[in-house]
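Presented below is the structure to which this report refers.
The values are calculated or read from the model by the stated rules, or taken from the named source; none is laboratory data. No experiment lies behind these values; they were computed from the predicted model shown. Backbone-built Cβ (ideal geometry, glycine too); neighbour counts: all protein chains shown. What goes into the accessible areas is simple: the full protein's heavy atoms, side chains included, and nothing from ligands, DNA or RNA. Shrake-Rupley method; radii C 1.70, N 1.55, O 1.52, S 1.80 Å.
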Amino acid sequence: QVQVVESGGDLVQPGGSLRLSCTASGIFFHMYTMAWYRQAPGKQRELVATITTSGSRNYADSVKGRFTISRDNAKNMVYLQMDSLKPEDTAVYYCNSNAFSQSFWGQGTQVTVSS
């Protein structure tokens, strides 16, 4: 049974930092591209960052230079370090694992950036 679980969401002030974590079990983790998405109220879910099996990273223009995605295959973990947070980063953040025409999602973790 595949499980994807996010954690680390919180309320943070503008300019602050937060680190999201995601663990995926029931898959050969090292063979999956991992990604973070987010969905703000009233908006469509959007891709934030991806990291491939070889460690290549891509970011949405809106988070380049502020967010860093990383993975630890030994622990089946993927992380999203978020710095210089802005109110427009407020959203539910979702972790996704994707490979072999399979896509698995977590339940999401809430990030709120507000003073």
Residue check: is Pro41 out of contact with any helix residue (DSSP H, G or I) (no Cβ under 7 Å at 6 or more places or on another chain) and either free of Cβ contacts under 8 Å to residues at least 24 places away in the same chain or surrounded by fewer than 19 Cβ atoms within 10 Å (Cβ to Cβ) (or both)?
yes
Of all the residues that make up the stretch 57-96, how many are within 17 Å of Gln39 (Cα to Cα) and polar (S, T, N, Q)?
3
Inside the stretch 54-75, can you point out the residues that are under 20 Å from Val2 (Cα atoms) and either under 12 Å from the mean Cα position of the chain (by Cα) or without any contact (Cβ under 8 Å) to a residue 40 or more places away in the chain (or both)?
Arg71, Asp72, Ala74
Could you tell me which residue of the stretch 77-105 is least open to solvent (accessible area, probe 1.4 Å), considering only residues that are assigned to a loop (DSSP other than H, G, I, E, B) and farther than 15 Å from Glu46 by Cα?
Leu85
Filtering the stretch 1-32 down to residues that are surrounded by 18 or more Cβ atoms within 10 Å (Cβ to Cβ) and either in a loop (DSSP other than H, G, I, E, B) or of a type in the set (D, E, K, R) (or both), which residue is modelled with the lowest pLDDT?
Tyr32
